[in-house]
Each structure stands twice: as C-alpha cells, then as structure tokens.
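To start, the structure under review is shown below, and the notes come after it.
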Amino acid sequence: MSGKQLLHAETTKNEILSAAKNLFSTNGYESVTIRQIAKKAGCSHTTIYIYFKDKEDLLQALSKPPLLKLKQQMDQILSEVNIYSEQQLKSLCSLFIRFCLENRSMYRIFFETKSVRVDEEYPRLEINEIRIEIFNQLKRAMKECLQPHIDDKELLKFSRIFFYMLRGIVGTYMDSEEPLDVLIRRLMPTFDTAFDVLLAGFRLKLNKE
C-alpha cells in the first residue's frame with residue numbers, strides 16, 4: 001500500500017471514529033446503527049467493516065485510549081511514596097472527577113455502555129478490564145486509608161459505596177454548561193466533605209466490629 005493509500009485509509013478510519021463518537025454521545029450507543037455511522041462519515045457501511053469488526057469494536061476503539069490514559073495517571077499517583085494515604089485517595093478521586101467532567105459527552109460511553117460488575121473476574125471486553133482496573137486502583141487506595149487487614153468483602157462493599165459517591169457527583173453535573181475549571185472549583189468543597197464523612201463512617205463501622 002502506497003503512502004497516499006495509507007493516508008487515505010487513516011483519514012477514513014478517523015472519520016468513522018469521529019462519526020461514531022458524535023452519534024454515540026448524542027443518541028446513545030444502543031440506538032445508533034452502523035448505517036447511520038457510515039452516512040455521517042460519508043462512506044458505505046461495508047467500508048466500516050474494513051476497519052472495525054462491528055459496533056462493539058468501534059466502542060472499544062473510542063473508549064480504550066482515554067481510559068488507558070486515565071489508568072496510567074492513576075498508576076502514577078499510586079506510585080508516589082511521599083504523600084499520605086488519604087491524600088493519595090483524594091488525588092485519585094479528584095483526577096477521576098475531572099476526567100469524567102472533561103469528557104461529559106462521552107462519560108456514559110466510557111463507563112456505562114456494555115459495562116459489567118466491578119468484581120467480574122473474566123470480562124469479555126478489554127474496556128471492561130480497564131474499567132475494573134480503575135475501580136481496583138481506588139479500592140487499593142481505600143484499603144490504605146482503612147484497617148490494613150480489612151476483610152476483602154467489606155473492602156469491596158466500602159469501595160463500591162465510595163464509587164457510587166463519585167459517580168453521583170459526576171452524574172449531577174453531566175448536563176452542566178459551566179466551564180470545567182469553574183465547575184471543579186464549585187463542586188470540590190462538597191466532594192471534600194463527602195470524602196471526609198464517608199471515610200469517617202467506614203472507620204467508625206470497622207471499629208465497632
């Protein structure tokens with residue numbers, strides 16, 4: 001394949017991804033068809049199958065790069081040894097909230113479409129492997145903030161509750177038209193309070209047990 005042909009192929013692939021992203025974000029993944037994506041991308045539906053196996057493959061191609069980037073940023077925070085455990089967990093949560101609000105139009109695509117349980121052992125889709133790894137990063141940081149020998153079942157329960165709080169904050173502002181930095185400044189004091197109250201409640205429950 002010549003350089004010109006390679007460039008054309010890459011351009012076509014990117015146009016298909018852009019069309020899929022636009023349609024998924026505005027209409028929802030389930031309601032969008034391959035033919036609709038092809039029409040928006042200005043190609044035939046058969047052309048899409050040259051680059052992507054099916055609609056699910058498009059979902060993964062759109063979601064994997066940003067989710068992997070988020071995971072890598074979270075890995076970097078977890079690797080820092082000079083910050084105490086609560087600050088590490090708070091930094092992970094702040095990063096997660098910022099990422100979700102920065103990608104408001106694709107938040108549900110990135111985290112909800114074709115999702116599985118956070119304790120699923122063998123997820124079929126790679127994006128679900130990454131989603132679960134992101135959750136487990138939060139869970140590891142949570143463990144450092146609580147008793148070191150906390151029962152795995154209890155840790156999973158607490159981590160889920162904590163994740164519900166983060167997702168609730170994000171969901172509340174999903175349709176906000178405020179600029180990202182303005183929105184972050186406004187909601188972070190509420191997050192800080194929710195963070196402190198949840199951790200205090202978890203510790204109190206563990207101490208009683």
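Values for this structure:
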quantity: Protection proxy ranking, peptides 27-33, 39-45, average beta carbon neighbours within 10 Å, highest first; calculated: 39-45, 27-33
quantity: Residue order, fewest to most beta carbons within 10 Å, for Lys53, Lys13; calculated: Lys53, Lys13
quantity: Sorted peptide list for 114-126, 59-71, criterion being average Cβ within 10 angstrom, highest first; calculated: 59-71, 114-126
quantity: In order through segment 75-86: 3J(HN,Hα) via Karplus (6.51 cos²θ - 1.76 cosθ + 1.60), integer Hz, x for Gly, Pro; calculated: 4, 5, 5, 5, 7, 6, 9, 9, 10, 6, 4, 5
quantity: Residue-averaged 222 nm ellipticity for the chain, from DSSP H runs of 4+ at -39500 (n - 2.57), nearest 500; calculated: -25500 deg cm²/dmol
quantity: Shape category assigned to segment 3-52 from the gyration tensor of Cα positions, a/c cut at 1.5; calculated: prolate
quantity: Out-of-range pairs (alpha-carbon distance over 27 Å; input Lys13/Lys139; Lys55/Lys153; Lys90/Lys157; Lys40/Lys114; Lys114/Lys205); calculated: Lys13/Lys139; Lys55/Lys153; Lys114/Lys205
quantity: Förster radius 30 Å - calculated FRET efficiency between Tyr164 and Asn14 (Cβ-Cβ, nearest 0.05); calculated: 0.25
quantity: Inter-label distance for Lys53 and Glu133, nm, one decimal - labels placed 7 Å from Cα along Cα-to-Cβ; calculated: 1.9 nm
quantity: Nearest-0.05 FRET efficiency for Asn27 and Lys157, computed from C-beta distance (R0 30 Å); calculated: 0.25
quantity: Extreme residue, positive dipole direction of the chain, given options Ile130, Gln88, Leu6 (C-beta unit charges); calculated: Leu6
quantity: Net charge dipole size for the chain [Lys, Arg +1 and Asp, Glu -1 on Cβ; Debye, nearest 20]; calculated: 400 debye
quantity: Matching label, Cα Rg over 2.2 N^0.38 Å computed from the structure shown, candidates [x] 1.19; [y] 1.01; [z] 0.96; calculated: [x]
quantity: Theoretical FRET efficiency, 1/(1+(r/R0)^6), r = Cβ-Cβ of Gln147 and Arg186, R0 35 Å, to 0.05; calculated: 0.55
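Rule-based calculations on the coordinates, nothing more; no lab input. Owing to the predicted nature of the structure, the values given are computational and were not obtained by experimental measurement. All Cβ positions, even for glycine, are placed from backbone atoms using ideal geometry, and neighbour counts span all protein chains on display.
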